[in-house]
C-alpha cells in the first residue's frame, strides 16, 4: 500500500505540474492538444504502474527513485528539467497567440508515434528488471543482451527519444520542438557517463559493448 501511495502521488504530482505548465501559458483549459498529451502520457503510465505494482513491485520502486549520485547525471537531470519547463510553456504560449499553427493530422500522427515509443518502453521494462531512473550498478545485476538489448545497448533511451521528440508535435507546437531538440544531446551525455559506470562496475559489460555496436539507433550511433 505504501508503494501504491508513492506511485499515485508521483502520477498526481506529474499531472499537476504538467497541467500548470501547459494551461497557464495557454490562458485557458480549452487547449485540446494539451489534453491529448495528458491522455497519451498519463493513461499508459497509470496502466503500467498498476501492472508493475502487481507483477514487479521491486521494479516499480526503482522507477520511483530519482536521486542521482553521479555529478554528471545531476547536470543532465537539471538540463532535462529546464527543457521540459521551457518546451511546455512555449507550447502553451504558441497555442495562446497562434504563432505557428500545425495541421491537426500532425498532432494525431505524433500521438501515434508517442504511443509506439511507450510500447517500446514497456517492452524494455519487461526485459530488464534492473532498470532504475538513476545511473547505478545494483547488487546481483547482470548484463541483459537479449531482445531489444541485442539490437542497441540503450533501448529505453531510444524509446524516450521517440516519445520526447513527438511530445511538442502532440502539443501542436513546432517552436517547442526546437527546444526539445536538445534532448538527443542531453541523452548522449547521459549514455557516455552511464557506460563508464557500467564498464567499471558491471562484469561482462565491456564484452557486451563489443558484441552490440550501437548505443541508441541501429547503424547510426
Check your understanding: residue 194 is checked against (1) buried (at least 19 other Cβ atoms within 10 Å of the Cβ); (2) within 25 Å of residue 33 (Cβ to Cβ) and fails just one. What number does that condition carry?
Key -> (2)
Practice item. Considering every residue within the range 31-46, establish whether at least one is surrounded by 15 or more Cβ atoms within 10 Å (Cβ to Cβ) and farther than 26 Å from residue 93 by Cβ. Key: yes
Review point. Quick one: in the range 203-214, which of the residues that are surrounded by 13 or more Cβ atoms within 10 Å (Cβ to Cβ) and touching a helix residue (DSSP H, G or I) at 6+ places or on another chain (Cβ under 9 Å) is farthest from residue 141 (Cα to Cα)?
Key: 212
Study note, to complete from the structure: Counting only residues in the range 78-99 that are touching a helix residue (DSSP H, G or I) at 6+ places or on another chain (Cβ under 7 Å) and modelled with pLDDT under 95, the one surrounded by the fewest Cβ atoms within 10 Å (Cβ to Cβ) is identified as 79
Exercise for review: Restrict the check to the range 205-213 and report whether at least one residue is over 30 Å from residue 32 (Cβ atoms) and in a loop (DSSP other than H, G, I, E, B).
Suggested key: yes
Point to revise | Any hit, the range 167-179, residues being surrounded by 18 or more Cβ atoms within 10 Å (Cβ to Cβ), at pLDDT below 95 and either within 12 Å of the chain's Cα centre (by Cα) or part of a loop (DSSP other than H, G, I, E, B) (or both) | key: no
Exercise for review: For residue 109, work out the one condition from (1) surrounded by 13 or more Cβ atoms within 10 Å (Cβ to Cβ); (2) at pLDDT below 95 it doesn't fulfil.
Suggested key: (2)
Check your understanding: List, please: which pairs have Cβ atoms under 9 Å, are six or more places apart or on different chains, and start with a residue in the range 129-147 that is on the phi > 0 side of the Ramachandran plot and end with one that is at pLDDT 65 or above and in a loop (DSSP other than H, G, I, E, B)?
Key -> 140/130; 147/128
**Study point:** Selected residue (only one of 115, 148 is in a helix (DSSP H, G or I) and closer than 30 Å to residue 31 by Cα)
**Key:** 115
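The values are calculated or read from the model by the stated rules, or taken from the named source; none is laboratory data. In this text, all values refer to a predicted model and were calculated from it rather than measured experimentally. With ideal geometry, Cβ positions are generated from the backbone for all residues, glycine too; neighbour counts draw on all protein chains shown.
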